[in-house]
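This report refers to the structure that appears directly beneath it.
The values are calculated or read from the model by the stated rules, or taken from the named source; none is laboratory data. Bear in mind the structure is a predicted one, so any value in this text is a computation, not a measurement. Ideal geometry is used to build each Cβ from the backbone, glycine not excepted, and the neighbour counts take in all protein chains shown.
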Amino acid sequence: MSDEQSPVEGTIRSEAAPVAPEKRILSVADIIGAPDLDEQEVFVPLWGGSVKVRGITKAKQQEIRKAATVAGEMDSDRLEMFLFIAGVYEPQFTAENYEQLRNKNANAVDSVLKVIAGLNATNPGNPTTGERSSVDEAERTFPAR
């Protein structure tokens, strides 16, 4: 018996196509109540453990963009710092802690930043592929106005 034939001779078995979720217009309450901040545990081999990261709110995104803008220009170093501090929630980092991280392996820090940026990216994809630098990801996620 082939994969396409059913046990009844001469009939073809057909697997139903996946059913798409029902499309409906959401209410404001639906949207406000929707859990839409993704979280992820990021293993950093060079540190021998993991950190927990999450997506950020629109308000936090706007706050980060303003804080990272100096004299009308986006400061990519400040953008990375604010994104890291806002995105990593366990353990919690301060600006002083992030300054200490600047003396750590860049790939370790960037691997965390890529996941944070990926959780906040507008187009889907694998945020850990390394196709873009963390600065590129952060600037794409938080474009200057």
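Descriptive notes on the structure:
- Filtering the range 80-108 to residues that are β-branched (Val, Ile, Thr) and under 19 Å from residue 40 (Cβ atoms) leaves 85, 88.
- On inspection, residue 43 fails the criterion of being at pLDDT 95 or above, hydrophobic (A, V, I, L, M, F, W, C), within 22 Å of residue 120 (Cβ to Cβ) and surrounded by 12 or more Cβ atoms within 10 Å (Cβ to Cβ).
- Filter result (farther than 16 Å from residue 37 by Cα and in contact with a strand residue (DSSP E or B) (Cβ under 9 Å, 6 or more places away or on another chain)) within the range 49-78: 49, 50, 51, 65, 68, 75, 78
- Selection from the range 94-112 of residues that are more than 19 Å from residue 39 (Cβ to Cβ) and either small (Gly, Ala, Ser) or surrounded by 15 or more Cβ atoms within 10 Å (Cβ to Cβ) (or both): 95, 98, 101, 106, 108, 109, 110
- Complete set of residues in the range 47-93 that are exposed (fewer than 15 other Cβ atoms within 10 Å of the Cβ), within 15 Å of the chain's Cα centre (by Cα) and closer than 14 Å to residue 112 by Cβ: 52, 89
- In the range 109-122, of all residues being in contact (Cβ under 8 Å) with a residue 60 or more places away in the chain and part of a helix (DSSP H, G or I), the one that is farthest from residue 40 (Cα to Cα) corresponds to 111.
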